[in-house]
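To keep things clear, I will list the structure first and then write my remarks on it.
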Amino acid sequence: WGSYRYGTGGINGKQGTSICDSGCGPSSFAMMATVLLGREVFPSETADIAGKAGMHVTDAGSSWEITNTLAKHYGLQYQDFGTSRNSCINVINNALNDGWMIHTSGAGSKPFSSGGHYIGIVGIDNNGNWLIVDSSHGNASYAPSAVVNAGLKCDNLKGIRK
């Protein structure tokens with residue numbers, strides 16, 4: 001699915017770039033939806049829906065509205081948890097403890113990229129680290145402060161749950 005298009009015409013359209021190049025938003029959402037829905041949701045499916053809904057942003061990747069658009073499509077609950085950097089860790093921890101998964105983006109160092117990257121924060125491990133689903137670097141756990149300091153966009157914290 002990595003070579004399919006992610007753009008306004010969906011995966012069979014002629015616009016946009018490949019899912020591999022700019023589809024981290026639909027890809028990370030697909031990983032989270034797979035867990036929540038109990039069935040495999042592929043990035044090609046979420047990229048097609050998001051692309052046709054106008055969620056692809058040329059030279060940027062995905063609109064911050066992608067999570068809401070895809071959550072509605074899949075019948076998932078959605079909430080915007082966007083906050084300031086000072087309260088970011090507490091807001092995310094509280095949301096995770098309430099059963100939400102966080103779809104978010106950032107720009108900087110790993111788990112993000114210098115050009116910007118979407119990830120999912122799906123839980124908290126026994127050491128208090130965040131469990132991250134990441135289509136580029138692989139799934140891992142990170143200390144919350146490391147994610148915030150790596151460039152997390154605390155004003156783009158979108159929650160989904162069943």
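Key figures
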quantity	calculated
Among (1) surrounded by 13 or more Cβ atoms within 10 Å (Cβ to Cβ); (2) out of contact with any His (no Cβ under 6 Å at 6 or more places or on another chain); (3) not acidic (Asp, Glu) - the single one Asn90 does not satisfy	(1)
The lone exception for Phe29 - which of (1) farther than 22 Å from Tyr142 by Cβ; (2) open to solvent by less than 30 Å² (accessible area, probe 1.4 Å); (3) touching a residue at least 24 places away in the same chain (Cβ under 8 Å) it fails	(1)
Residue match in the range 27-46 (condition: within 15 Å of the chain's Cα centre (by Cα) and in a strand (DSSP E or B))	no
Test: residue in the range 97-111 that is closer than 14 Å to Phe81 by Cβ, open to solvent by 10 Å² or more (accessible area, probe 1.4 Å), assigned to a helix (DSSP H, G or I) and not basic (Lys, Arg)	yes
Sole exception among (1) surrounded by fewer than 21 Cβ atoms within 10 Å (Cβ to Cβ); (2) closer than 28 Å to Asp48 by Cα; (3) touching a strand residue (DSSP E or B) at 6+ places or on another chain (Cβ under 8 Å); (4) β-branched (Val, Ile, Thr) for Thr58, by number	(3)
Any hit, the range 119-141, residues being over 18 Å from Pro43 (Cα atoms), open to solvent by 50 Å² or more (accessible area, probe 1.4 Å) and among the charged types (D, E, K, R)	no
Single match in Thr34, Thr46, Thr69 (criterion: touching a Pro at 6+ places or on another chain (Cβ under 9 Å) and either open to solvent by less than 60 Å² (accessible area, probe 1.4 Å) or of a type in the set (A, V, I, L, M, F, W, C) (or both))	Thr46
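The rows are residues; the columns are (1) modelled with pLDDT under 95; (2) of a type outside the set (Phe, Trp, Tyr); (3) closer than 17 Å to Phe29 by Cβ; (4) in a helix (DSSP H, G or I).
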{"site": "His73", "(1), (2), (3), (4)": "no, yes, yes, yes"}
{"site": "Ile119", "(1), (2), (3), (4)": "no, yes, yes, no"}
{"site": "Gly123", "(1), (2), (3), (4)": "no, yes, yes, no"}
{"site": "Ser145", "(1), (2), (3), (4)": "no, yes, no, yes"}
{"site": "Lys153", "(1), (2), (3), (4)": "no, yes, yes, no"}
{"site": "Asn156", "(1), (2), (3), (4)": "no, yes, yes, no"}
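Quick grid of which residues meet (1) of a type in the set (A, V, I, L, M, F, W, C); (2) touching a Cys at 6+ places or on another chain (Cβ under 8 Å); (3) free of Cβ contacts under 8 Å to residues at least 60 places away in the same chain:
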{"position": "Ser62", "(1), (2), (3)": "no, yes, yes"}
{"position": "Glu65", "(1), (2), (3)": "no, no, yes"}
{"position": "Tyr74", "(1), (2), (3)": "no, no, yes"}
{"position": "Gly82", "(1), (2), (3)": "no, yes, no"}
{"position": "Arg85", "(1), (2), (3)": "no, yes, no"}
{"position": "Asn90", "(1), (2), (3)": "no, no, yes"}
{"position": "Ile102", "(1), (2), (3)": "yes, no, yes"}
{"position": "Pro111", "(1), (2), (3)": "no, no, yes"}
{"position": "Gly115", "(1), (2), (3)": "no, no, yes"}
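The values are calculated or read from the model by the stated rules, or taken from the named source; none is laboratory data. Computed from a predicted structure; not experimentally measured. Positions of Cβ are generated from backbone atoms using ideal geometry, with glycine treated the same way; all protein chains shown enter the neighbour counts. SASA here: full protein model, heavy atoms, side chains in, ligands and nucleic acids out. Shrake-Rupley method; radii C 1.70, N 1.55, O 1.52, S 1.80 Å.
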